[in-house]
1. In segment 246-262, which residues are under 17 Å from the mean Cα position of the chain (by Cα) and β-branched (Val, Ile, Thr)?
2. May I ask you to list the residues in segment 102-130 that are small (Gly, Ala, Ser) and touching a Ser or Thr at 6+ places or on another chain (Cβ under 8 Å)?
3. With the requirement that a residue be among the hydrophobic types (A, V, I, L, M, F, W, C), free of Cβ contacts under 8 Å to residues at least 60 places away in the same chain and either within 26 Å of ALA81 (Cβ to Cβ) or part of a loop (DSSP other than H, G, I, E, B) (or both), what does segment 155-173 give you?
4. Among residues belonging to segment 8-40 that are surrounded by 17 or more Cβ atoms within 10 Å (Cβ to Cβ), of a type in the set (A, V, I, L, M, F, W, C) and out of contact with any helix residue (DSSP H, G or I) (no Cβ under 7 Å at 6 or more places or on another chain), point out the one that is farthest from ASP260 (Cα to Cα).
5. Any residue that is over 22 Å from THR18 (Cβ atoms), modelled with pLDDT under 95, open to solvent by 70 Å² or more (accessible area, probe 1.4 Å) and out of contact with any helix residue (DSSP H, G or I) (no Cβ under 7 Å at 6 or more places or on another chain) - is there at least one of those in segment 207-227?
6. Taking the condition of being open to solvent by 40 Å² or more (accessible area, probe 1.4 Å) and in a strand (DSSP E or B), how many residues in segment 111-127 meet it?
7. Which of the residues that make up segment 78-90 are open to solvent by less than 20 Å² (accessible area, probe 1.4 Å) and either over 15 Å from ILE110 (Cβ atoms) or free of Cβ contacts under 8 Å to residues at least 60 places away in the same chain (or both)?
Amino acid sequence: MSGIPRTYPHGVPCWVDTEQPDPTVASVFYGELFGWTFTNALPPGAPAQYLIAHLAGDDVAAIGTGTGTAVWNTYIAVTDADATADSVLANGGTVLSGPADVGPGGRAAICADPQGAEFRLWQPYRRLGAQAVNTPGSWNFSDLRTTDPDAASAFYTGVFGWTYADLGPGLEAMISVPGYGNHLAATADPDIYVRQADVPDGFADVIGALQPASDSERPHWRVTFSVDNRAESVELAEKLGATVLGTWESEWAALATIRDPQGGEVTLSEFRPPDA
């Protein structure tokens with residue numbers, strides 16, 4: 001790392017959090033699973049909690065107070081939350097809440113695409129987004145699982161200017177923000193192109209994937225975290241009270257989807273390059 005804070009250009013997913021009926025219980029689960037420590041961003045005596053998760057001192061995610069079944073949320077960085085919320089509406093989406101300032105951290109809005117997948121906008125003030133990513137215990141990707149890939153592609157291109165690319169086996173239907181790799185190379189990740197010398201051209205601009213949902217899935221943004229070893233992480237998750245919903249292999253990873261003790265679903269990914 002360069003020591004420069006990680007920043008996120010407009011249209012790049014920048015943060016994930018989960019709303020849980022009992023954030024303290026969730027913090028015990030995810031703290032044990034990923035090695036996180038926590039700081040409550042809300043003042044003492046507040047009726048809710050917003051626990052910022054840290055990995056080796058870096059912000060990686062958060063756990064907040066919610067009602068009902070737990071859910072994981074993906075935030076997309078924007079330069080102007082109000083203007084982007086207007087664009088969501090103009091392109092056929094829905095603005096469910098906001099835009100509104102969230103203390104000194106930033107300005108947020110809750111939105112849904114035309115197929116119903118919810119996502120959040122984040123215009124940063126003090127809180128820039130996840131500061132550690134793609135290492136074990138941190139956020140890896142958020143992928144859109146949708147019932148209408150063509151319509152979803154058009155919507156997100158209209159709102160964020162996304163492009164889409166097939167980069168080969170295991171990397172089909174990648175979502176890209178043109179120039180994102182150059183931004184990382186000039187700021188927080190100067191070695192990105194050296195590290196990615198053996199991956200397909202264009203991967204540095206990738207910010208997720210757009211995939212067809214299965215018949216049993218509702219449209220949603222699937223949140224994935226990196227782990228050192230899928231088998232060990234699955235075993236630990238089960239000991240901590242999670243349910244394993246499925247495991248599978250891709251060209252680049254061994255994956256598992258789990259449901260945490262309060263119902264939040266996340267995917268665990270052990271990186272396994274094709275020549276491993």
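The values are calculated or read from the model by the stated rules, or taken from the named source; none is laboratory data. Computed from a predicted model, the values in this text were never measured in an experiment. Here Cβ is always computed from backbone atoms with ideal geometry, including for glycine, and neighbour counts include all displayed protein chains. The accessibility values were calculated without ligands, DNA or RNA, using every heavy atom of the protein model including side chains. Shrake-Rupley method; radii C 1.70, N 1.55, O 1.52, S 1.80 Å.
1. THR257, ILE258
2. If the condition is that a residue be small (Gly, Ala, Ser) and touching a Ser or Thr at 6+ places or on another chain (Cβ under 8 Å), then ALA109, ALA112, ALA117, GLY129, ALA130 are the ones that fit.
3. Of everything in segment 155-173, those that are among the hydrophobic types (A, V, I, L, M, F, W, C), free of Cβ contacts under 8 Å to residues at least 60 places away in the same chain and either within 26 Å of ALA81 (Cβ to Cβ) or part of a loop (DSSP other than H, G, I, E, B) (or both) turn out to be LEU167, ALA173.
4. Taking the candidates together, the pick is CYS14.
5. Yes, some residue in segment 207-227 is over 22 Å from THR18 (Cβ atoms), modelled with pLDDT under 95, open to solvent by 70 Å² or more (accessible area, probe 1.4 Å) and out of contact with any helix residue (DSSP H, G or I) (no Cβ under 7 Å at 6 or more places or on another chain).
6. Final tally of qualifying residues: 2.
7. Going residue by residue through segment 78-90, those that are open to solvent by less than 20 Å² (accessible area, probe 1.4 Å) are 78, 81, 84-85, 88.
Result: ALA81, ALA85.
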